[in-house]
Amino acid sequence: MSYRISPLWWPILAAGAPILAPWLAVQAKKFRDGEKQAAARNAARLRTAKPLALPELKKFDLTVVVEHRAAEGFVGAAAVSYLLRTAGGAMLMDVGFGPEGPALRDNAARLGIGANDWNALFVSHLHPDHMGGMTAARQRAIRLPSALTPANPIPCYSPAPCAAPEMNVEEVTEPRTLRNGLGSSGPLARMLCFEGLTEEQAVVAKLKNKGLVVIMGCGHPTVEVVLQMTRRLSDAPVYAVIGGLHLPIAESRWKKAGLQLQQLAGTGKPWWRKIDDRDLDAAIRALRESGAKRLLLSAHDTCDYALKRIADSVSAQVDVLTAGVTYSL
């Protein structure tokens, strides 16, 4: 049995109950208020969303730079960075833990990816494992290793205000087209216990003779809500769903000092409720109903149990994204 908080912590938590109890009560109220705010934001965004003029792409490659699973010779990390290539150019999606770990720097070098090999940065959301580390999150400033820092300013598409040295930040406030024939879902909200209201955007692309590709960083708003927005942006069928679903049902990839961090924060559940099979069932139902032919799923925030259940429950071809591998759609 996997505990979100190791039993070794329980005596300490019991001793601190007189202080923790009032604080947790405040957190519970904040969470409930935030849930209502996130639901209202998303309802308004879905109601007002208009179709995007997405071009039909003949070429679309996704190279996994940082992921939990890694090919031989590559560094794995519970973080995300993908390079999206089309005939129009390449866009880097998320930067993992940036300079705070070796994964982004070493894997990019091994793949032959440098600062001049992409012409835009897409940040799915402002969490440490996507924007460049803990310092980046505290400062709300994207951080890259020096070898990947652009020499000339390029667009940085963010779903919320932030800084990005050497880049021109463009805050994405609604669905829009981006460089290289790609689009953004616009920000979608989710209240996360201990982390607050979080805005996350997904990449949307249209492949010629195939349909839509949807790429998520963590999937905090839930894949159900992201796919609802996708249907508002285009009447083309969904061909592929890619990225994170944030379903650490059995365990967290990110653990520290006896704490299952991804089960405690980021699930969209209050602190007294654990993410469980009901959440997984809802995601599986949405993926089935989408009609997607391919699922390329991230293991950085979804456990092996959930990945296997998804693979066993859908008719789509399912792959688990692996650092060092290029997927051609």
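Where a number appears in this text, it was derived from the coordinates with a stated rule and is not lab data. These numbers were taken from a predicted model, which means no experiment stands behind them. With ideal geometry, Cβ positions are generated from the backbone for all residues, glycine too; neighbour counts draw on all protein chains shown.
Within the listed set LEU287, LEU13, LEU264, the Gaussian network model of the chain (springs between alpha-carbon atoms below 10 Å) gives the highest mean-square fluctuation for LEU13.
On a per residue basis, the convex hull of the C-alpha atoms belonging to the chain measures out at 128 Å³. Each peptide in 280-286, 198-204 receives the mean, over its residues, of other Cβ atoms within 10 Å, and ordering these scores from highest gives 198-204, 280-286. Each peptide in 21-28, 266-273 was scored by the mean count of other Cβ atoms within 10 Å over its residues; highest first, the order is 266-273, 21-28. Counted by neighbouring Cβ atoms within 10 Å, the residues ARG190, ARG278 run from fewest to most as ARG278, ARG190. Projecting the Cα positions of PRO51, ILE5, SER81 onto the charge dipole of the chain (unit charges on Cβ atoms of Lys, Arg, Asp and Glu, taken about the Cα centre) puts PRO51 furthest along the positive direction. Taken over region 192-322, the alpha-carbon convex hull comes to 103 cubic angstrom per residue.
When +1 charges are put on Lys and Arg Cβ atoms and -1 charges on Asp and Glu Cβ atoms, the dipole computed for region 7-328 relative to its Cα centre reaches about 640 debye.
Placing unit charges on the Cβ atoms of the charged side chains and taking the dipole of region 4-136 about its Cα centre, the candidate lying farthest along the positive direction among ALA17, PHE122, GLN37 is GLN37. Rounded, prolate or oblate: which fits region 34-122, taking a ≥ b ≥ c as square roots of the Cα gyration tensor eigenvalues, rounded meaning a/c under 1.5, else prolate when a/b beats b/c? Oblate is the answer for region 34-122, as a/c is 1.5 or above yet b/c matches or exceeds a/b.
Beta carbons within 10 angstrom, averaged per residue: use that to sort the peptides 323-329, 214-220, highest first.
Final packing ranking: 214-220, 323-329.
Computed per residue of the chain from DSSP H runs no shorter than four, each worth -39500 (n - 2.57), the mean residue ellipticity at 222 nm is -8500 deg cm²/dmol.
Percent of C-alpha pairs per 10 Å bin in region 85-168, short distances first: 20, 56, 24, 1.
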